[in-house]
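Q: First, the structure itself, so that you have it in front of you.
Rule-based calculations on the coordinates, nothing more; no lab input. In this text the structure is predicted, and so the values were computed from the model without any measurement. Don't worry about glycine lacking a Cβ; one is built from the backbone with ideal geometry, like all the others, and counts go over all protein chains shown.
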Amino acid sequence: MIRRPACPLVVLSLLVAAGCGGSERMDDMVLLPVPEDPTVSFDLWFAVGSLDDPPGKEGLAYVTGQLLAQGATANNSYEEILEKLYPLAASYDVRVDKEMTTLTGRVHRDKLDEYLPLLVDAFLRPAFREDDFERVRSDALNYVRNTLRYASDEELGKAALWLDVFEGTGYAHPVQGTVAGLEAISLDDVKRFYAEHFTRDNLVIGVGGGYDDAVVERLREARASLPAGRPAARPAPEPRPLEGRRVLLVSKPGADASISFGFPIDVRRGDPDFYALWVANSWLGEHRNSSSHLYQVIREARGLNYGDYSYIEAFPEGGQRTMPPTNVGRRQQLFEVWIRTLPNEQAHFALRAAVRELAHLVDHGLTEEQFELTRSFLSKYVLHFADTTAARLGYAIDDRFYGIEGSHLENFRRRLADLTLEEVNAAIRRHLQYRNLDIAIVTGDAERLAEALASDAPSPISYAAPKPPEILAEDEEIATYPLKIPRDRIRIVPVTEIFER
């Protein structure tokens, strides 16, 4: 057994001459040796996602990916796979996002010989059995029809925002698909999609932890068994033109209000402004953190809801996680504000409060005190972004997606140390604004809210308990803050119709 020396991330990019016409083939692996880690983590990234769903087959990438992790292989039924994984205390899973499909797994290194054949079979020899297909497709349909529409208003609001911003493009539908798209998918569609996209040239293999060279070699041999070729990458989708503010109300009887709003931004990980903008965003709306300014204004001072946050890159499953996810790389990103569920009668006020705070940040920037405090917080907080080998490996794969030389996390810490207030406020001016906004609200009071927004009439609120005079005085300003949304820029979609097709 050859143990690798302890060292930071090692990225192998082996350029292999194809031998004809001077063309080259990139054979990529991402290796993260951590000899003291008794486990081995895997992150196998195929460059395919829901953006590649054919029109009318929305959900095909998701179903195909799920069948790799939740389906039979040529050597084992799905039940047999689960029975073999259980005594290993190991598992593998898949995440399908808009441009990435990653098969991830983790096992104790003493169980590698039993585990690795199961993992390799998952992506190399999927059986695509009819019963597995029907189960996975049914689960996806149930998610879109029932869970997303009726059990997760906050996720529905965020999905509605992406729909409105990217309508007519491959980013518009949820990764899980649409009802009509999922119903139209056949098992033959899945087999063709797999054959086209799950090729050796479309795969980056990530391995981390206490592995040895033999593991790398076995994975390299497995990849060589995949067919060659790489499908042409689809262009990044273009968002709909946005001038002024427009609103999508998802009418859901009996629902309270869940609000998301934002706009496209063209800054991504690795860009010089990304880290400066992260500081500003952390001050405004650090995810699931009471330090968030929006949290302080809307929840802490007024008790309107559970939390209020903002983002400069995709953050799916925000209700279930505290740290940013990995393997959700996207070439198009949104600046996004998430106002958690609150009573319908307070939605207009809360929206005004959040837009007003964004406007103040854009117009005035951070103060020296706010900048220094936020930077100090982030310099420690970022250490929690990846506190396991598996998480670090996920970030390393994402570095490949974004074309980052070195490590995003290391760049993050380095840039925090030398950032200046002027750089942060310049990034705010370059990338944030508040006049052109897409707003999505799930609500049980859509008609009344539409008329209230269009009228721009005052939206005063009252409290069950006394509030300090300064809060009441600020409330008067918030209640009359102009949103300027014409009625013809407000549309209402019944919850039964959203993501139907």
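Q: P(r) tail for the chain, what percent of Cα pairs lie past 42 Å?
A: I get 22 percent for the Cα pairs in the chain exceeding 42 Å.
Q: Angle, helix 272-285 long axis vs. longest principal axis of the chain, Cα atoms, 0 to 90°, nearest 10?
A: 50 degrees
Q: Further question: Using only Cα atoms and rounding to the nearest 10 degrees, what angle (0 to 90) does helix 469-479 make with the longest principal axis of the chain?
A: With both axes taken from Cα atoms, the answer is about 80 degrees.
Q: Could you pull out the chymotrypsin sites (Phe, Trp or Tyr not before Pro) across the stretch 421-501 that fall in loop regions by DSSP (anything but H, G, I, E, B) with no more than 16 other Cβ atoms inside 10 Å?
A: Sites meeting the loop and neighbour criteria: TYR463.
Q: Divide by every residue of the chain the summed helix terms, -39500 (n - 2.57) for each DSSP H run of at least 4, and state the resulting mean residue ellipticity at 222 nm, rounded to the nearest 500 deg cm²/dmol.
A: -11500 deg cm²/dmol
Q: For all pairs of alpha-carbon atoms in the stretch 111-242, what percent lies in each bin of width 5 Å, listed from the first bin to the last filled one?
A: All Cα pairs considered, the percentages come to 2, 8, 13, 15, 15, 16, 15, 10, 6, 1, 0.
Q: Can I ask one more? Taking H placed 1.01 Å from N in the peptide plane, check which residues at least 5 places from SER91 or on another chain put their amide H under 5 Å from its amide H.
A: So SER91 has HN proximity to ARG106.
Q: Let me make sure I get this right: for the stretch 56-153, a, b and c are the square roots of the gyration tensor eigenvalues over alpha carbons, sorted descending. Under 1.5 in a/c it's rounded, otherwise prolate if a/b > b/c, else oblate. Which is it?
A: Note, shape of the stretch 56-153 comes out prolate.
Q: So, one more: Taking amide hydrogens as modeled 1.01 Å from N in the peptide plane, which residues meet the under 5 Å criterion relative to VAL34, leaving out close sequence neighbours?
A: Result for VAL34 returns GLY209, GLY210, TYR211.
Q: Further question: Report the relative contact order of the chain, percent, no decimals, based on alpha-carbon pairs under 8 angstrom and at least 6 residues apart.
A: 20 percent
Q: Round to a whole angstrom and tell me the spacing of the C-alpha centers of the stretch 130-154 and the stretch 265-335.
A: 27 Å
Q: Could you state the angle between the C-alpha long axis of helix 60-69 and the longest principal axis of the C-alpha atoms of the chain, as a value from 0 to 90 degrees rounded to the nearest 10?
A: Approximately 50 degrees, to the nearest ten.
Q: Starting from the Cα gyration tensor of the stretch 245-299, take the square roots of the eigenvalues, sort them a ≥ b ≥ c, and report rounded, prolate or oblate (rounded when a/c is under 1.5, otherwise prolate if a/b is larger than b/c, else oblate).
A: Taking the square roots of the gyration eigenvalues as a ≥ b ≥ c, the stretch 245-299 is oblate.
Q: Counting only pairs 8 or more residues apart or on different chains, how many lysine pairs in the chain have their Cα atoms under 21 Å apart?
A: Lysine pair count for the chain: 6.
Q: Show me 48-54, 136-142, 466-472 ranked by packing, highest mean number of other Cβ atoms within 10 Å first.
A: By packing density, highest mean first, the sequence is 48-54, 136-142, 466-472.
Q: Still on this structure, please answer the following. In whole Hz and in residue order, list the ³J(HN,Hα) couplings for the stretch 141-147 that follow from phi through the Karplus curve 6.51 cos²θ - 1.76 cosθ + 1.60, θ = phi - 60°; x for Gly and Pro.
A: 4, 5, 5, 5, 5, 10, 5
Q: Would you mind giving the average projected area, over all directions, of the Cα convex hull of the stretch 378-439 in nm² with one decimal?
A: Directional mean of the projected Cα hull area for the stretch 378-439 stands at 6.3 nm².
Q: What do you get when you divide the Cα radius of gyration of the stretch 69-121 by 2.2 N^0.38 Å, with N the number of residues?
A: 1.15
Q: Return the sequence-ordered ³J(HN,Hα) values of the stretch 309-326 in whole Hz as given by the Karplus equation 6.51 cos²θ - 1.76 cosθ + 1.60 applied to θ = phi - 60°, using x for Gly and Pro.
A: Per-residue couplings from phi come out as 9, 9, 8, 10, 8, 4, 9, x, 6, x, x, 10, 9, 9, 9, x, x, 10 Hz.
Q: Here's another thing I want to ask about it. Which whole-Hz couplings ³J(HN,Hα) result when phi for each residue of the stretch 394-403 is put into the Karplus expression 6.51 cos²θ - 1.76 cosθ + 1.60, θ = phi - 60°, listed in order with x for Gly and Pro?
A: x, 5, 5, 5, 4, 4, 5, 4, 8, x
Q: So who's got an amide H within less than 5 Å of the one on SER310, skipping anything under 5 residues away but keeping other chains? H placed 1.01 Å off N, in plane.
A: Here GLY285, GLU286, HIS287, TRP338 satisfy the definition.
Q: Also: Rounded to the nearest whole Å³, what is the per residue volume of the convex hull around the Cα atoms of the stretch 430-501?
A: Considering the Cα atoms of the stretch 430-501, their hull volume per residue is 159 Å³.
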